[in-house]
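**Student:** So that we are looking at the same thing, I have put the structure below in structure tokens.
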Amino acid sequence: MKEYRAPRWLVGGNAQTIWPALFSKRFAGSAPTYRRERWVTPDADFIDVDWQGEDNNAPLLVLFHGLEGSSSSHYAQAFAHWARHNGWRFVVPHFRGCSGELNLAPRAYHSGDFEEIGWVLRRLRSLHAGKIAAVGVSLGGNALLRWAEEAGDTAAQTAGVVCAVSSPIDLAAGGRAIGEGFNRQVYTRMFLRSMKPKALRKLAQHPGLFSREKLLAARDLYAFDDVFTAPLHGFKGTDDYWSRGSAKPHLHAIRIPALVLNARNDPFVPGSSLPSAHEVGRHVTLWQPPHGGHVGFPGGRWPGHVHTLPEAVMGWIEAQL
């Protein structure tokens, strides 16, 4: 993956983002099937957790999904396919409100939600006897890295290795990028199309939680985060949230093997914002191939497949474990 090259028939970061998500092959044979559990959180809310496999002694792959993602996302199905064919147990803990049912508490989820990541991983550690590896995709990857940074030397008690895929570890740079030009017209609109209705349902649950008028007026993620995400999760505003939530400034604090994978043509994550080797600690490995898009990394002949990503990432993870 470090030397990844995209197929000649799929050129550019946007094509390598959109096409794999919509059309490329995610699995061979039958689709992944999950067993769902509902966990009650310490604040009397809930999250839904989707399991594949029952072998308690097999290595366990935990996948934290991206913004508005789920166990049905193309990358989740690709990693589930890899796990099923390589003897790993697999689990997708859904962030609050992302499993198809609105959560109960005023809070939702956010890019720096390391407390929730830590609670989930500790519970998985108590339930599973085998080794645990965690992969976070996009938003989930930044939150996972923030957990590893905060946990420091204690992280190894829970997970042996972590990986962040296409994660906006500089949230301000990513926020600016997705709010401009083509990104604003396509990706921002796509996210807000699902995020705004959820927020309005949250307001119906908890009247007075935020300004309905300001939410409806939001046209980019900066404005949405300023009225919804930031204040609901204890931040002063978007700037405070993006600053405190970003994993990039603290990568030196990670004390377990960590892979940070970002394509340099990712439309969401500017290549200029990515860390260099001297900005990270010795436990962090950087893969920054020139191609791949955002959680794309397609391979093969048309219409392509998305198996290249889990094969490369899991090869690295198995070598660490």
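**Student:** Is the stretch 260-279 home to any residue that is at pLDDT 95 or above, under 30 Å from Arg96 (Cβ atoms) and in contact with a strand residue (DSSP E or B) (Cβ under 6 Å, 6 or more places away or on another chain)?
**Tutor:** Checked the stretch 260-279: at least one residue is at pLDDT 95 or above, under 30 Å from Arg96 (Cβ atoms) and in contact with a strand residue (DSSP E or B) (Cβ under 6 Å, 6 or more places away or on another chain).
**Student:** Do you know which residues across the stretch 1-32 are aliphatic (A, V, I, L, M) and either in a loop (DSSP other than H, G, I, E, B) or touching a Lys or Arg at 6+ places or on another chain (Cβ under 6 Å) (or both)?
**Tutor:** Met1, Ala6, Leu10, Val11, Ala28, Ala31
**Student:** Name the residue, out of Ala247, Ala173, Ala223, Ala253, that is more than 18 Å from the chain's Cα centre (by Cα) and under 30 Å from Gln16 (Cα atoms).
**Tutor:** Among Ala247, Ala173, Ala223, Ala253, only Ala223 is more than 18 Å from the chain's Cα centre (by Cα) and under 30 Å from Gln16 (Cα atoms).
**Student:** Those residues that are closer than 27 Å to Asp153 by Cα and not small (Gly, Ala, Ser), I need them from the stretch 269-309; list them, please.
**Tutor:** Leu274, Pro275, His278, Glu279, Val280, Arg282, His283, Val284, Thr285, Leu286, Trp287, Gln288
**Student:** Here's another thing I want to ask about it. Residues in the stretch 206-215: is at least one under 28 Å from Asn14 (Cβ atoms), outside the structural domain of Gly296 (by TED's automatic domain parsing) and not aliphatic (A, V, I, L, M)?
**Tutor:** no
**Student:** Quickly run through the stretch 187-198 and pick out the residues that are in contact (Cβ under 8 Å) with a residue 60 or more places away in the chain and surrounded by 15 or more Cβ atoms within 10 Å (Cβ to Cβ).
**Tutor:** Tyr187, Phe191, Met195, Lys198
**Student:** Test Pro207 against the criterion of being loosely packed, with under 15 Cβ neighbours inside 10 Å, out of contact with any Gly (no Cβ under 6 Å at 6 or more places or on another chain) and within 25 Å of Cys163 (Cβ to Cβ), and give yes or no. Spell out the reasoning first.
**Tutor:** Details: loosely packed, with under 15 Cβ neighbours inside 10 Å: yes; out of contact with any Gly (no Cβ under 6 Å at 6 or more places or on another chain): yes; within 25 Å of Cys163 (Cβ to Cβ): no.
So Pro207 fails the test.
Residue-by-condition table, conditions (1) over 26 Å from Arg96 (Cβ atoms); (2) at pLDDT 95 or above; (3) surrounded by fewer than 17 Cβ atoms within 10 Å (Cβ to Cβ); (4) touching a Gly at 6+ places or on another chain (Cβ under 8 Å):
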| site | (1), (2), (3), (4) |
| --- | --- |
| Tyr4 | yes, no, no, yes |
| Arg8 | yes, no, yes, no |
| Lys25 | yes, no, no, yes |
| Gly29 | yes, no, yes, no |
| Pro32 | no, no, no, no |
| Arg35 | no, yes, yes, no |
| Gly53 | no, yes, no, no |
| Asn56 | yes, yes, yes, yes |
| Leu60 | no, yes, no, yes |
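The values are calculated or read from the model by the stated rules, or taken from the named source; none is laboratory data. Owing to the predicted nature of the structure, the values given are computational and were not obtained by experimental measurement. Cβ coordinates were reconstructed from backbone atoms using ideal geometry, including for glycine residues, and neighbour counts include every protein chain displayed.
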